[in-house]
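This report concerns only the one structure given below.
The values are calculated or read from the model by the stated rules, or taken from the named source; none is laboratory data. What you are looking at is a predicted structure, and each value in this text was computed from that prediction instead of being measured. As a convention, Cβ positions derive from the backbone with ideal geometry for all residues, glycine included, and neighbour counts pool all protein chains shown. Each accessible area value is taken on the protein alone, full model and side chains, heavy atoms only, with ligands, DNA and RNA left out. Shrake-Rupley method; radii C 1.70, N 1.55, O 1.52, S 1.80 Å.
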Amino acid sequence: MRPIADVEGPEQVRARLEETGYLVDDGLAMACFLALRLHRPIFCEGDAGVGKTALASALAEALGAPLIRLQCHEGIDASQALYDWDFPRQLLHLRAAEAAGVTDAGRLESELYDRRFLVARPLLRALETRPSVLLIDEIDRADDEFEAFLLELLSEFSVTIPELGTLRAEEPPVVVLTSNRTREVHDALKRRCLYHWFDHPGFARELAIVRRRLPGVSARLAEQVTALVQALRGQDLLKPPGVAETIDWAEALDALGASEVDAELAVATLGSVLKYREDAERARGLDLAAVLAARGA
Ligand SMILES: Nc1ncnc2c1ncn2[C@@H]1O[C@H](COP(=O)(O)OP(=O)(O)OP(=O)(O)O)[C@@H](O)[C@H]1O
Ligand SMILES: [Mg+2]
């Protein structure tokens, strides 16, 4: 497959991503094109379920490259993200060497810190895999020190392991960082990236996504569900549904054998799309039949 990095412009990036089933708007096509062309990480921020993580998988598929994922969490550190030494194997090696009568401490030490005892975690794997797509998911969950550490790694695409020396990526991985904005990520990290804010899609694009993801679902049902979700997002909900929930809802209704939905069935299946009691209550108070009628559904 032709490397996606060779594509001439945003339109081609859009077409290649669409082939994988991931639909982008003009802004995201441009951001992806520039990220690939300039070898810059792309920083994806937005509400839950709007397709931030899925972008990395789509890019990997379009590129024909493995997706290497680092899920961030509170307290994540370099030994979980970058590399660690395989202590049990080192110990076994030490015992075997001792049993064989090796006593030279210098030799033992250099043998113990050999590359084969190094466990590569996602960041190191991405530096050593060419080409690759590195997804650093939910960076807002990690703490400040980890952010600072990433900043360094993403500027140089190299890492220094005291016992082994400096390892540098021959070709920098395509990097996708995501954040749900539970806290602000530092400007210094953002400065190294191209930024894209993920809005909820409009009706036409969301319908196209549902049709693409669930080709077996009736066109009418897909349209109705999309219209209902778009109307729900217009309410002041605690957690507005993302594209993920639209897909889930359509799938749930399809699983019930429905090829269309009315207000009653919509209310009965709200648990697929709204995950707070207050939001469900608000939805029940809405005239869902009117929403469906307005779409001519
Ligand atoms: N533009 C799109 N094209 C195709 N599918 C999409 C698109 N946007 C979202 N989806 C689908 O919506 C679902 C949710 O997307 P994803 O998990 O990437 O959201 P997210 O923004 O990472 O959410 P979270 O913040 O909760 O992790 C996925 O199944 C994905 O396939
Ligand atoms: Mg995600």
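The listed residues 110, 132, once ranked by accessible area (1.4 Å probe) with the largest placed first, stand as 110, 132. Taking label positions 7 Å along the Cα-Cβ direction at both residue 276 and residue 8, the computed distance is 4.9 nm, reported to one decimal. A crude spin-label estimate for the pair residue 48 and residue 268, with each label 7 Å from Cα along the Cβ direction, gives 2.7 nm.
The GluC sites (Glu not before Pro) found in segment 35-136 that occupy coil by DSSP, while having at most 14 further C-beta atoms within 10 Å, are 74.
Cα centroid separation, segment 41-78 to segment 221-248: 23 Å.
Annotation: for a label point projected 7 angstrom from Cα along Cα→Cβ of residue 239, residues of segment 266-288 with backbone N closer than 18 Å are 269-284. Working note: Cα gyration tensor of segment 222-297, eigenvalues times five, square-rooted, sorted largest first, giving semi-axes of 17, 14, 11 Å. The amide H of residue 176, built 1.01 Å from its N in the peptide plane, has 42, 134, 135, 136 as neighbours under 5 Å, considering only residues 5 or more places off or on other chains. Taking label positions 7 Å along the Cα-Cβ direction at both residue 219 and residue 20, the computed distance is 2.9 nm, reported to one decimal. If the segment from residue 143 to residue 211 were pulled out straight at 0.36 nm per residue, it would be longer than the present Cα-Cα gap by 20.6 nm. When the helices of the chain are scored as -39500 (n - 2.57) per DSSP H run of n ≥ 4 and the total is divided over every residue, the value at 222 nm lands at -14000 deg cm²/dmol.
Residues whose amide H comes within less than 5 Å of that of residue 46, counting only those at least five positions distant or on another chain, are 179, 181, 198 (H built at 1.01 Å from N in the peptide plane). Just the protein heavy atoms count here, and of the accessible area of the chain at 1.4 Å, carbon and sulfur take up 50 percent. Extension gain for residue 34-residue 295 works out to 90.2 nm (0.36 nm per residue, less the C-alpha to C-alpha distance).
At a probe radius of 1.4 angstrom, the accessible area of segment 1-159 per residue rounds to 47 square angstrom.
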